[in-house]
1. Which is farthest toward the positive dipole end of segment B:294-336 among B:Ser313, B:Leu324, B:Gly299, measuring Cα position about the Cα centre, with Cβ charges +1 (Lys, Arg) and -1 (Asp, Glu)?
2. So if I take the centroid of the Cα atoms in segment A:40-72 and the same for segment B:521-591, what is the distance between those two points in Å?
3. Where the Cα atoms of segment B:296-476 are projected onto their three principal axes, how long is each span, largest first, in whole Å?
4. With point charges of +1 on the Cβ of Lys and Arg and -1 on the Cβ of Asp and Glu, referenced to the Cα centre of segment B:238-288, which listed residue (B:Val258, B:Ser270, B:Leu244) lies farthest in the positive direction of the dipole?
5. What are the semi-axes of the equivalent ellipsoid for segment B:238-288, taken as the square roots of 5 times the Cα gyration tensor eigenvalues, largest first, in whole Å?
6. Could you work out how far the C-alpha centroid of segment B:454-476 sits from that of segment B:42-113, in angstrom?
7. Would you be so kind as to identify which of A:Val35, A:Pro71, A:Gly45 lies farthest towards the positive end of the dipole of segment A:24-77, taking Lys and Arg as +1 and Asp and Glu as -1 on Cβ and the Cα centre as origin?
8. Considering only Cα-Cα distances, which of the following residue pairs are longer than 32 Å: B:Lys450/B:Lys578; B:Lys110/B:Lys375; B:Lys110/B:Lys318; A:Lys104/B:Lys110; B:Lys318/B:Lys398?
Amino acid sequence: METMVAQAGSSIPLKADQRAGKYLTFRLGNEEYAVQVLRVREIMGIQEITAVPQTPSYVKGVINLRGRVIPVIDLRLKFGLPEIEYTQRTCIIVAQIESQAAGKIQIGVIVDCVSEVLTLQTSDIEDTPDFGNGVDTNYLLGMAKVKGKVKILLDIDKVLSAQEAQSIGAF
Amino acid sequence: MAVESQTKSNTAAANPLASDPELLNDFILESREHLASIELQLLTLDQDPSNSEAIHAIFRGFHTIKGMAGFLDLDEVRDVAHEVETILDLARNSRLNITSAVIDRILESKDYLNRWMTELEAMLETGKTPAVPRSDALIESIRSLASEPVMETSPVSAQQADIALPEEHPQPQAIPESLPPSEHKDPVGEELRELSQDLSTSALNPHPETPLAAGENPEAGKPADARGAGPRSIKVDTAKLDYLVDMVGEMVIAQSLVRHDPDLALGQRSRLARNLSQLARITDDVQRTAMSMRMIPIGQLFQKTARLVRDLSRKAGKVVELELQGEETELDRNIVEELADPLMHMVRNSIDHGIETTEERERNGKTASARVTLKAGHQAGHILIQISDDGRGLDQDKILRKARERGLLDSDAHPAESEIFNLIFHPGFSTADKITDVSGRGVGMDVVRKHVQKLRGRIDIQSTPGAGTTFLVKLPLTLAIIDGLVVGVGPQRYIVPIFAIREMLKPTEDSISTVQGRGEMAMVRGSLLPLVRLHERFEVTPRFEKPWESLLIVSESGGKQFCLMVDELIGKQEVVIKSLGGTMQNITGVAGGAILGDGRVGLILDLEGLCRVGNRE
């Protein structure tokens, strides 16, 4: 354990420092994901979503967030996981993202359920391993090991990357 | 204020352009305001060169800019303002006549300063150094004016000349607000500062230099104060205002949600009902007030045209008088902004094509000086703007001939008058025999129609040969709210803007026919209209598959009618238009979103887009 911490700390000190901080964790299927708490505006239960035509299937539509209309995406569909029925535990995490195409926008992300808020130290975080072609690691910040469990750290800006944001618009 | 500017002055001295961006921004804003009012006053002066009040107002504007620019070390700006000030000083002391050459130079200087403001703004945003040409030539040309001899004395009242004295002091820093008190070494400036402070407390005026104006001339408050702002007004960020209007709209909806909540209707609750209707009245009032805050008089836009008319008529060698009516008519700020371009094109069109040369006018027994009238007013919940000229009118035969040459019309077609006039809105259509740098490329009127349509308005033309042409532009009062019909398709609800709806009907089975087994048509009042199934466009499951079970909405967009098939009509609602957010802005057939009565989001349909997609397939 000790040696591994030292490795993570010395090889990428700057990047790891930036990644340390508070994270909100949530579940998708059997996997635990985490986003930086600073990016999260609020968490709400699932509500009725107005479908918008000509958008990719993972874009579920738009909702009314206290008078503002914001897009909502289903993270399961985005990550290629099977779609499931929404339950009482299904949540919409409203996150602030920065995309090159649209600037600062708020976006709702549907997840199976929200777990907890964790403080991750630099030593908890590792770089994303290379999975080869099978897994898109582009929007992962890294991996964290907490109490023997793996949390996948998401770069929420890249989840809806500039390219994809544009393609939603151009449809 | 004083303490603030003191600290700022230090940084400004150390590093002129990279000084406090906030201060620079204030400077830009204020200068822009001054420059706008200067232009206005110049045009007044152009009409009446002896108007000493206008001279004073222009002088004050340049003087303030000069003071502030000196303070910010913007030497070029200061020098130009200074030279203009010198000329104006001669003029107001009757040592120089205001000729159109003088006015031209001052307008040029004004444009030059405006350019500086634009560059400075860009610098604040991007950090790049302003690239404005040197002012030497301009200054030289202004100086040369001063050497012109005086022909006659223009009247300047003793009172004005007298009180204006302190301003003639060659210290630009004499502007009280631009320097901290501690640096005031000269007694005149000190005195002036006290005077203006006294005045500003009594006049409650937010503009630092207006108290001076009030002191100079008791009547200055009304006509000479070109900013037109009342004595008590504040500047508010437009984004804040838009947000306020937005949220008030939501408040109205939330209020109606509470009011119609089924839980509240239970039992005997007359007091609650009374209080709720009181709340409804208040929210209504608040909404109306909030909307009115975003309204600005169209006069500002008209006045911008005044400059254009002057320049264009000069260039074309025509004498044109501009008449403005209904300048006080109020419009949503966003509409006024969008209207600037089309108005410019229409005025250009009038001056370049509509109005004859002076000789031609005289030959036809008209007055040598032509007249362009801009008129605004309310009409049945809309704003009506008229742009008329008393020129030669549209030549129907010429338009027809050009249209046939270009293949826009069959050679045997005989369209109605209005249809002929509408041909000039066609992209690339021009009847001009020669292309000038003003018009003739056939771009203008096309742009006009596009803009007006974007504003959900319509444009018509009236024209009488030999007597002139009038463009009638009809616009909604505001862009923020539209009247919509809420329609349902399957589980989804959509909002159809009412302005685009011609009629609604339940068709009979035999009025529906198909072309090649696919393209569906509906016979409505004797004409065959294409049928667009909304559920197919948006891929939702409808409740009714057969057109004769569902509802057809006959709409018109871009001059073409079509039927939109929906399941049912749910109701009518005023909705606040919202953008769907950066990522979903350009969805064909969707104009935006709106919060419906139950708090859900409904999509507002863009009928033109739907129709276009329909045609393509």
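1. Value computed over the given set: B:Ser313.
2. One Cα centre to the other: 23 Å.
3. On the principal axes, segment B:296-476 reaches 46, 36, 28 Å in Cα extent.
4. Of B:Val258, B:Ser270, B:Leu244, it is B:Ser270.
5. Largest first, segment B:238-288 gives 27, 11, 5 Å.
6. 38
7. Checked the options; the winner is A:Pro71.
8. In this structure, A:Lys104/B:Lys110 exceed 32 Å between Cα atoms.
Throughout, read-outs are computed from the coordinates displayed, never taken from laboratory work. If you're wondering where the values come from, they're calculated on a predicted model, not measured in any experiment. Glycine gets a Cβ as well: all are built from the backbone with ideal geometry, and neighbour counts include every protein chain shown.
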